[in-house]
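Here the structure comes first, spelled out in structure tokens, and everything after it is commentary.
The values are calculated or read from the model by the stated rules, or taken from the named source; none is laboratory data. These figures come from a predicted structure and were not determined experimentally. When we count neighbours, we look across all protein chains shown, and the Cβ atoms used for this are built from the backbone with ideal geometry, even at glycine. To get the accessible areas, we keep the full protein, side chains included, count just its heavy atoms, and leave off ligands, DNA and RNA. Shrake-Rupley method; radii C 1.70, N 1.55, O 1.52, S 1.80 Å.
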Amino acid sequence: MAGILVFIEQRNSDIRKASLQALSQARRLAGGEVAAVLVGSGVAGAAPGLGAYGAAKAYVADDPNLALYSAEGYAEAVAKAAAATSPEAILFAGTAMGRDLAPRVAAKLGVGALADVVSLERDGDRLVARRPVYSGKAFATVDAGGHTPQVVTLRPNVFAAEETGGVAEVVTLDGLALAIRAVVKELVDTGGGEIDVAEADIIVSGGRGLKGPENFALIRSLAEALGGAVGASRAAVDAGWIAHKHQVGQTGKVVSPSLYIAAGISGAIQHLAGMSSSKVIVAINKDPDAPIFKIADYGIVGDLFAVIPPMVEEVKKLAG
Amino acid sequence: MNCIVCVTSVPDTASVIKIGPDGKKIDEGGIKWILSPFDEYALEAALQLTEAKGGEVTAVTYGPARAEAALRDCLARGAHQAVHVAGGEATLGDSFTIATVLAKAFAGRSYDLVLCGVKGVGTDCSQVGQMLAELLAIPHVANVTKLEVGDGSLTAGRDVEGGQERVECPLPALITCQKGLNEPRYAALKGIMAAKKKPVEKVEVASLGVTEGADPFYVVRSLELPPPASEGTIIKGEDDPAGAAAQLVNLLRSEAKAI
């Protein structure tokens, strides 16, 4: 039976957690062998350890020209690994890189792709995926129409990574025809050490109720105390209070952290669409009729300026 | 500098989504259709480029009759030409078939830059741009929030987790545009009136050699609404905010086990 190939994302040889989640999901689903493909420069040392998450083989494309991400170069490497393994499916973590690479690989192989999948099961020889559509206002259950390989990107932090032990056999991918035209010249750190909302396990978001940009300091203090990221509503972003990369919602990022705290956000349908799949939702708002309370697991009806500072103190007490 | 902008018509983001009678599509009753919000950034970038460097902007859509409104919106904002590939009901969400249709519709058209929105709001696949670039055998940069176009090449800033990649790329190329790239213009009344008179070129999807639904790469088995949220624990915090804060943190710790 055909196996499953998993693209493994790394930055400076650090394997992304979301890729290990994809690898574990492949192991749970595979009828045949699970293989990994690791692409980069000087990354081969990280390959054998992929066995611990279920990879029997790890295909490695190691080339100085692949040190920084390139859709064209990485697609060539993944396609080479696919040619070597003839997999029934290729899984990618749904990160910025995976979401960019998977469709390019799929088109190169002449197939479609299923994006941002939150559940993946087997039905005979087809994989059946559940994915949010309309930013989570609905969920579609879909398959790839019987075409193989079935290319799928998995939403990060939804599938569990499971360490089972084992060492992957390393296979070097040779003879790559690298024709890289779009060249990443540098990766600029714009995060300033902050956690990105797309990756965060805890998010504290602020909205119009903050009344001004300076009051995001309050949101930041709670996020820092919780070890989380700072999010924002569209209203706060459009007012210029905070950069767009913080925006959660239908025209921002769609997130599903373990804990989402919305302070001073009334809960426009576009915002709810972007965060309603969070595991635990907390609302802090002075308007008891704010729509955000309808989907909140916990809430405080009150003035966020009076509620958040003691919350920060309470959280610090727990940590101390 | 000739630009092709790929656009799509989607339900207004304020829409309440209901499931249609077949259980596979949304109920379109009462839905207002708009130009997908991310396509506005793509169109604006193309308009600014052609205003600075000359050339024409062609807006292309693949969709049912209502998609013509999205093209009229593009024309009203300044696009020079519009192409409507009629169809698309059976291929909603099928990124590869959509990219295949668009690639075929591009045959014989000259372009230096193809621009797409980062995703179509609704199916949320975020894949057509990359697939189209592969089928056109041109490079792409996705999720662009910064763009400079020079002679025969572009430099783009692409947002990734915690950072931005600075990408250099020769033309022709394709980019997918993210919020933050520019501030899209509104259509002025004069533009709206003029757009009504501009022709929209119609292309039948069958004439491109594609039979819709014959060989799908994305099959919807069912469409469901998310389960309704259960009633939460709401604490009244007007009189004793500090007490409410302590109670909430305690619940998050002991009951929800979220912190």
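Around the Cα centre of region B:6-96, unit charges on the Cβ atoms of Lys, Arg, Asp and Glu (plus for the first two, minus for the last two) sum to a dipole of about 80 debye. Here r is the Cβ-Cβ distance between B:Ala206 and A:Ala2 and R0 is 60 Å; the resulting FRET efficiency, rounded to 0.05, is 0.95.
Here region A:212-241 and region A:1-61 have alpha carbon centers that stand 36 Å from each other.
Ligands, DNA and RNA excluded, the heavy atoms of B:Lys257 present near 150 Å² of accessible surface to a 1.4 Å solvent probe. Compared with the dominant Cα axis of chain B, that is its longest principal axis, helix B:95-105 is turned about 20°. How charged is the neighbourhood of B:Gly23? Take every other residue with its Cβ under 10 Å from the Cβ of B:Gly23, and add Lys/Arg as +1 and Asp/Glu as -1. Result for the local shell: +1. The angle between the Cα long axis of helix B:37-53 and the longest principal axis of the Cα atoms of chain B comes to about 40 degrees, rounded to the nearest 10.
Residues considered: B:Ile17, B:Ile98, B:Ile34. Largest GNM mean-square fluctuation over chain B, using C-alpha springs under 10 Å, is found at B:Ile17. Placing +1 on each Lys and Arg Cβ and -1 on each Asp and Glu Cβ, with no other charges, gives the protein assembly as shown a dipole about its Cα centre of roughly 840 debye. Under 22 Å between alpha carbons, and skipping anything fewer than 8 positions from A:Lys316 in its own chain: which lysines qualify? Once the sequence-local lysines are set aside, what remains near A:Lys316 is B:Lys257. In chain B, the DSSP-assigned H stretches of four residues or longer account for a calculated mean residue ellipticity at 222 nm of -8500 deg cm²/dmol, using -39500 (n - 2.57) per stretch and the full residue count as denominator.
With 23 Å as the limit, the listed pairs B:Lys25/B:Lys179; B:Lys24/B:Lys119; A:Lys17/A:Lys137 have B:Lys25/B:Lys179; A:Lys17/A:Lys137 beyond it between alpha carbons.
Taken residue by residue and averaged, Cβ atoms of other chains lying within 10 Å of the Cβ of A:183-194 number 5. Ranking B:Gln48, B:Leu174, B:Leu154 by Cα position along the charge dipole of region B:3-208, where only Lys, Arg, Asp and Glu carry charges on their C-beta atoms, puts B:Gln48 farthest toward the positive end. Toward the positive end of the charge dipole of region B:101-259, with +1 on the Cβ of Lys and Arg and -1 on the Cβ of Asp and Glu, the farthest Cα among B:Gln164, B:Val200, B:Gly117 is that of B:Val200.
Taking Cα pairs under 8 Å and at least six residues apart, what relative contact order does chain A come out at, in percent?
Values: 725 pairs, mean separation 46.5, N = 320.
Once divided by the residue count of chain A, the mean separation gives 15 percent.
Assign one of three labels to region B:38-193, namely rounded, prolate or oblate, based on the Cα gyration tensor with a ≥ b ≥ c the square roots of its eigenvalues; rounded applies when a/c is under 1.5, prolate when it is not and a/b is larger than b/c, and oblate otherwise. Can you show the working numbers first?
Numbers: a/c = 1.41, a/b = 1.13, b/c = 1.25.
Rounded, since a/c falls under 1.5.
Computing FRET efficiency as 1/(1 + (r/R0)^6) for A:Ala179 and B:Lys197, where r is the C-beta to C-beta distance and R0 is 45 Å, gives about 0.50.
Quick check on region A:170-251: take the gyration tensor over C-alpha atoms, sort the square-rooted eigenvalues as a ≥ b ≥ c, and tell me if it's rounded (a/c under 1.5), prolate or oblate. Kindly include the intermediate steps, with their values, before the conclusion.
On the way: a/c = 3.19, a/b = 2.24, b/c = 1.43.
It is prolate, given that a/c is not under 1.5 and a/b is the larger ratio.
For chain B, a Gaussian network of Cα nodes joined below 10 Å ranks B:Ala79, B:Ala14, B:Ala42 by mean-square fluctuation, and the top entry is B:Ala14. Relative to the longest principal axis of the Cα atoms of chain B, the long axis of helix B:68-77 lies at roughly 80 degrees.
The aspartates and glutamates within cross-link reach of B:Lys18, meaning a Cα-to-Cα straight distance under 14 Å and a gap of 8 or more places when in the same chain, are B:Asp27, B:Glu28, B:Glu224. A straight Cα-to-Cα reach below 18 Å connects A:Lys108 with the aspartates and glutamates A:Glu72, A:Glu76, A:Glu88, A:Asp100, B:Asp94, B:Glu134, B:Asp215, residues fewer than 8 places away in its own chain not being considered. From the alpha carbon centroid of region B:68-84 to that of region B:158-218 is 11 Å.
Determine the dipole magnitude for region B:3-208: charges of +1 sit on the beta-carbon of Lys and Arg, -1 on that of Asp and Glu, nothing else is charged, the reference point is the Cα centre, and the result goes in debye to the nearest 20.
Working: 21 positive and 25 negative charges, 123 e Å.
Roughly 580 debye for region B:3-208.
Average partner chain C-beta neighbours within 10 Å, per residue of B:192-198?
On the way: counts 0, 0, 0, 0, 0, 0, 0.
Average per residue, whole number: 0.
Suppose R0 equals 60 Å. What FRET efficiency, 1/(1 + (r/R0)^6) with r the Cβ-Cβ distance, do B:Ala69 and A:Ala84 give to the nearest 0.05? Could the numbers behind the result be given before it?
Numbers: r = 48 Å, r/R0 = 0.80.
The formula returns an efficiency of 0.80 here.
Residues in region A:202-211 carry Karplus couplings, in order, of 10, 10, 10, 10, x, x, 4, x, 6, 6 Hz; the curve used is 6.51 cos²θ - 1.76 cosθ + 1.60 with θ = phi - 60°, and Gly or Pro positions show x. Of B:Ala156, B:Ala214, B:Ala59, the residue with the greatest mean-square motion in the GNM of chain B, using alpha carbon springs below 10 Å, is B:Ala214.
Using C-alpha pairs below 8 Å separated by at least 6 residues, the relative contact order for chain B is 23 percent.
Over region A:1-156, what is the percentage of antiparallel beta bridges among all DSSP beta bridges, to the nearest 5?
Working: 12 of 34 bridges.
Percent antiparallel among DSSP bridges in region A:1-156 is about 35.
The overall shape of the protein assembly as shown is oblate: from the C-alpha gyration tensor, with semi-axes ordered a ≥ b ≥ c, the ratio a/c is 1.5 or greater and a/b is no larger than b/c. Each of the peptides B:180-190, A:283-293, A:259-269 was scored by the mean count of other Cβ atoms within 10 Å over its residues; in descending order, highest first, they stand as A:259-269, A:283-293, B:180-190.
Each of the peptides B:139-145, A:46-52 was scored by the mean count of other Cβ atoms within 10 Å over its residues; in descending order, highest first, they stand as B:139-145, A:46-52.
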